[in-house]
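Notes for the one structure printed next.
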């Protein structure tokens, strides 16, 4: 059976741009120019005859069609990643970079992140503090934990028991973020890990170039 699929490079460009809500950050991740990402996305839109992004000054936002397509593309990419991971030795397969606002007390995160590491042993954690909405918009962190609510088009700000979790709409429903959200809300019970836990990676410096506060190991 022959599958009628768009070019893989165009799909990768779309997924990365949707995840970062930025052609520039997608280009940095894919090691190409922002113009190349924009061109690939434009070619994909022309092939599908559907507008996937709303282009604004210095920002792109997913259209409703883009959000629907992204969910299916992420599912397909995850299947490919899982199939590939099954061929590799067991271990870490991804990294989740969490930014924590300077005014947010990190002591209360110790138990919650330990629960995350047990629930998602294949995901390594990196914590940067201070980090805020600016670092998130620049693509330097994947999500931000802030003390106060902050809203920005294309991003979801969700209340926690204490503080708020902010992240791109494109990744808000991926398993890693859903698990992190549940752990931060205290909805995940601790269970004995079935595989070796991924490391918690501490930054030598924050995304803004300032020294990070000492963090904990769990």
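We did not get these values from a lab; they are worked out from the coordinates using the rules stated. These numbers come from a predicted model, not from an experiment. Please note: Cβ atoms are built from the backbone with ideal geometry, for glycine as well, and neighbour counts cover all protein chains shown.
How would segment 54-185 be classified by its alpha-carbon gyration tensor: rounded, prolate or oblate, with rounded meaning a/c under 1.5 and the a/b versus b/c comparison settling the rest? Oblate is the answer for segment 54-185, as a/c is 1.5 or above yet b/c matches or exceeds a/b. Among 118-129, 36-47, sorting by the average number of other beta carbon atoms lying within 10 angstrom of each residue, highest first, gives 118-129, 36-47. Per-residue Cβ neighbour counts within 10 Å put 171, 111 in the sequence 111, 171, beginning with the fewest. Sorting 79, 174, 157, 183 by the number of Cβ atoms found within 10 Å of their own Cβ, with the fewest placed first, yields 79, 157, 174, 183. Here the relative contact order of segment 1-113, from alpha carbon pairs under 8 Å that lie six or more residues apart, stands at 18 percent. Placing dummy labels 7 Å off each Cα toward the beta-carbon, the span from residue 182 to residue 2 is 4.3 nm.
The modelled label-to-label distance between residue 158 and residue 122, using points 7 Å beyond Cα along the C-beta direction, is 2.1 nm.
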